[in-house]
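What follows is a single structure, written as structure tokens, with notes after it.
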Amino acid sequence: MAKTSTTTQGLRAAIERSGYYPALVAEAVEAAVGGEPIRSYLVHQETTFDQNEVRRHVTVLVLTGNRFIVSHTDEQAADTTSPTPYATTSTESVKLGRISSVVVSRVVANPEQYQPGTLPREVVLTIGWGAVSRIDLEPAACGDPNCEADHGYTGNSTADDLSLRVSEAGDGPDTVRQALAFAQSISEATADLPH
């Protein structure tokens, strides 16, 4: 997306369309972005079911020329800590140079009939910058099936700071397109950085 005020207006309109506390969400995002031009954005509102409660939350991703901004807003029902319902909004600003991985997983129906340009049924965008890592360990073994020695453990460490799933059925085709466009923008932005 071009660096224009139109992009800023598009972000504001997308936040308002989500219908999820738009004034609160927009203020938090705009404060984090500051005066930087916006290159790309993604607004994702999700509803989850927690026992007898319906919970909503919204995630806003913004790419500027220098930073990746993540804003997340959750609503909470009244509880023992608060007699009234409340919302929590947080923003994180990450320098583009810190992003270590951008993973885009696409789920397509009938892959044998896939035509280039066909919209995936589902997209999962995972972005890592080293704030959160997941370690998967398993017992190490050698090639000897009779060996009873302890070989320690082996495993993988995976950057897993943000994982966002959008689907055509749940979020609509426009959100899937926007997720793919954002993924391409952030991939290109991080590829352009000197190593």
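The values are calculated or read from the model by the stated rules, or taken from the named source; none is laboratory data. A quick note: this is a predicted structure, and the numbers were derived from the prediction, not measured. Neighbour counts are summed over all protein chains in view; Cβ atoms, including those assigned to glycine, are modelled from backbone coordinates with ideal geometry. When the accessible area is computed, the model is the full protein with side chains, heavy atoms only, and any ligands, DNA or RNA have been set aside. Shrake-Rupley method; radii C 1.70, N 1.55, O 1.52, S 1.80 Å.
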Is region 80-91 home to any residue that is at pLDDT 95 or above, within 13 Å of the chain's Cα centre (by Cα) and closer than 21 Å to TRP129 by Cα? yes
Note: among ALA31, ALA23, ALA109, just one is open to solvent by 50 Å² or more (accessible area, probe 1.4 Å) and part of a loop (DSSP other than H, G, I, E, B), namely ALA109
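Run down PHE68, PHE49 and say which single residue is of a type outside the set (D, E, K, R), surrounded by fewer than 16 Cβ atoms within 10 Å (Cβ to Cβ) and part of a strand (DSSP E or B).
On the way: PHE68 fails: surrounded by fewer than 16 Cβ atoms within 10 Å (Cβ to Cβ).
After applying the criteria, what remains is PHE49.
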With respect to PRO116, determine if the residue is in a loop (DSSP other than H, G, I, E, B) and open to solvent by 80 Å² or more (accessible area, probe 1.4 Å). yes
